[in-house]
Amino acid sequence: MTTALAMLNSQQLVHLSFVDFVIVVFYFVLVLAIGFYLKEQANTGEDFFLAGREMTAWVAGLSFLSANLGALELMGWAGAAYQYGILAAHWYWIGAIPAMLFLALVMMPFYYISRTHSVPGYLKLRFGESSRALSSISFAFMTVLMSGINMYSMALVLKIVLGWNINVSILVSSVTVAIYVALGGLRSAIFNEVLQFILIWAGALLIPILGLMEAGGWSGLRARVAANASAEYTHLWSTLGKFSDNPMGIHWTGIVFGLGAVISMGYWTTDFLVVQRVLSAKDLRAAKMAPIIGAGFKMLVPFIVILPGLLGLALLPIKLVGEGQAVVSGGHSYNEVLPLMLARYCGPGLLGLGITALIAGFMSGMAGNVSAFTTVWTYDIYRALIKKDATDAHYVSMGRWSTVIGVAISIGTAYLVMDFKSIMDYVQALFSFFIAPLFATVLLGMLWTRATPAGGFWGLLAGTCSSVGMWAWVKMDPTALRYVALSPYARDMAENMYRALWSCLVAALVTVVVSMVTKPRPVAELKGLVYGVTEIPSESYVSMLHRPWFWAVIVGVGFVILNIIFW
Amino acid sequence: MKPGGSISIWFFIGISLLVNGLLILAAGIYELLHPPEVRVVLFDLHASIWWGGLLAALGAGYAIYFAPGKGRD
């Protein structure tokens, strides 16, 4: 948010030519055309909320990744790479790949075989209505809030980068998303997310290619980064031995256990925004392959996000500064590095495609939020708590209306954020409060037959409350950071990592203790929900090249090699 | 995936890449013939021409291969 404010004080970064406008307008026309085309294919609840469960592994996998690849993510992490160096790549590699493979191989069978329509829906099947109510209400609330915040931030970025009116940007983008999601449901969202994924790559890939040519390859880039900042900026692991040895103020334990084992596991395996895409797969093998395909491409995303940030550090003639300093000096902040690099290399046409990539990223993220909200609202709140016995057509109609209403609430949130800018910090913290404990609850539910409904509910509640408590403790007494994050030198990101780790452990501990003193459900009721009592279909009939395990190993080896190369 | 059994998602992607690629290629050729006074870095590489051409070729390939009625998904 402050970044965007900093941008307000700087001058417009790029000027679009006629051909650039044509490319941007063509994009809007195409996504709307897809929405209208798919309207006829979204008549039943299964069609509207789960895309008919007929997506191939490739479509589900690219959509799974695209829903996460928002424009703010692209610009924010490119800025983080400028500020922190290649350490930012941890959020794409150890902070994503192991979790995505874990989802594919361990958790997906239970989500898919249980035939649940959502993550809160799985909690209902496994732990009962109270756990579902807690998770679905939190999720729906957070989703529309996040959607609105992203909407406002992106409109602010468009204002600064392109000089576009902020109200028009919010209105045009959100109405477009509302139309194509309300018409075609999840199928339309997925369809457009795959298109957006391709456009993001087509628009952004040229920057690292030309940047490396200008810098003299990777060795030239490293030499320039060492001269402009420090040689440590191009090392992924070697500076993580001490909190004070790296610009992020983080220790390797925070990255491995906080980010890799808790935050990313929580996000990629239990955040319904991304899991919903995989639930749309046509069969279990496609559902297992989709996150693996997503992981393969996720591993490559740093080449269009982190590399441009490093190239900016090496090549830009101006020095980018922190957000506060940019506001005071009128200079450019870290987060502007991607549009600055775009403007550096891209002439007419290419610039339009690059801007389209940013807009596509924004819209795919927003459509992901809206379609996930719609499903959770309709199935897990409206049908579960308000109107239980309506027809399928009624719920589809509710889905369409809740799409429009969800977007309207998001727009309201966007304007609320304009007046109360600190909301963004609080909401991001709130979002993290819930994801880490949810991972412990869902994982224990899937792997431990002894976990009871009371254990699941109280574990989830205790984990969330402990996370909120730690956050409030540090807010009231900053010296508490030495206890929560294990070091007084820890920065915000490090604090988030450790808070997630502790809250996950609290959730797991309370779930175990309460489960041990309460009555478990009969094992027969857990078939299709829990490991050990669920029959997983054999894959022995398919060739090695079609087995998820084979491709997971390939992706895993690539992940290890990348970490060694950039050690 | 062919929702409704008629048009593949990859056809739409092919059309998108083809149209964008042709527009970028045309803009690149115009810049080659009429070089602007203010130029981007590495202008002499004419990235618009080869990147636009690449996208157009890729898009044309997808659009033809996944054209409606060919039964491919």
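The values are calculated or read from the model by the stated rules, or taken from the named source; none is laboratory data. Remember, it's a predicted structure, so these values are computed and weren't measured experimentally. Every residue, glycine as well, gets a Cβ built from its backbone with ideal geometry; the counts of neighbours run over all protein chains shown.
Counting only residues that are over 29 Å from residue A:446 (Cα atoms) and part of a loop (DSSP other than H, G, I, E, B), region A:227-277 holds 16 of them.
Selection over region A:315-352 of residues that are more than 14 Å from chain B (Cβ to nearest Cβ) and of a type in the set (A, V, I, L, M) gives a count of 7. Inspection of region A:130-152 finds no residue satisfying the criterion of being within 14 Å of chain B (Cβ to nearest Cβ) and in a helix (DSSP H, G or I). Within region A:151-168, being more than 13 Å from residue A:409 (Cα to Cα) and not β-branched (Val, Ile, Thr) holds for A:153, A:154, A:155, A:156, A:158, A:159, A:162, A:163, A:164, A:165, A:167. Scan (1) part of a helix (DSSP H, G or I); (2) of a type outside the set (Val, Ile, Thr); (3) at pLDDT below 90 for the single condition residue A:202 breaks and write down its number. Against the list (1) part of a helix (DSSP H, G or I); (2) of a type outside the set (Val, Ile, Thr); (3) at pLDDT below 90, residue A:202 comes up short only on (3). The residues listed here are A:484, A:468, A:474, A:512; of these, the one that is touching a residue at least 60 places away in the same chain (Cβ under 8 Å) and either farther than 16 Å from residue A:249 by Cβ or out of contact with any strand residue (DSSP E or B) (no Cβ under 8 Å at 6 or more places or on another chain) (or both) is A:512. From the list A:78, A:89, the one residue that fits, being more than 14 Å from chain B (Cβ to nearest Cβ), within 23 Å of residue A:436 (Cα to Cα) and part of a helix (DSSP H, G or I), is A:89. Note on region B:39-53: residues that are facing another protein chain (nearest Cβ under 9 Å) and either within 20 Å of residue A:199 (Cβ to Cβ) or under 8 Å from the mean Cα position of the chain (by Cα) (or both) amount to 4. What is the residue count in region A:499-537 for residues that are surrounded by 22 or more Cβ atoms within 10 Å (Cβ to Cβ) and either of a type in the set (Lys, Arg) or outside any helix (DSSP H, G or I) (or both)? Adding up the residues that qualify gives 2.
Residues that are within 12 Å of chain B (Cβ to nearest Cβ) and out of contact with any Pro (no Cβ under 6 Å at 6 or more places or on another chain) were ranked within region A:9-19; the one that is farthest from residue A:169 (Cα to Cα) is A:18. Picking from residues in region B:55-73 that are in a helix (DSSP H, G or I) and buried (at least 17 other Cβ atoms within 10 Å of the Cβ), the one that is farthest from the other protein chains (Cβ to nearest Cβ) is B:63. Taken over region A:278-309, the criterion of being surrounded by fewer than 24 Cβ atoms within 10 Å (Cβ to Cβ), under 19 Å from the mean Cα position of the chain (by Cα) and not in a helix (DSSP H, G or I) is satisfied by A:299, A:300, A:304. Among residues that are within 11 Å of chain B (Cβ to nearest Cβ), at pLDDT 90 or above and under 25 Å from residue A:67 (Cα atoms), residue A:179 is not included.
The set of residues from region B:3-38 being part of a loop (DSSP other than H, G, I, E, B), more than 30 Å from residue A:32 (Cα to Cα) and more than 8 Å from chain A (Cβ to nearest Cβ) comprises B:34, B:35, B:37, B:38. Does region A:40-56 hold any residues that are facing chain B (nearest Cβ under 10 Å) and in a helix (DSSP H, G or I), and which are they? Those that are facing chain B (nearest Cβ under 10 Å) and in a helix (DSSP H, G or I): A:40, A:41, A:47, A:51, A:52.
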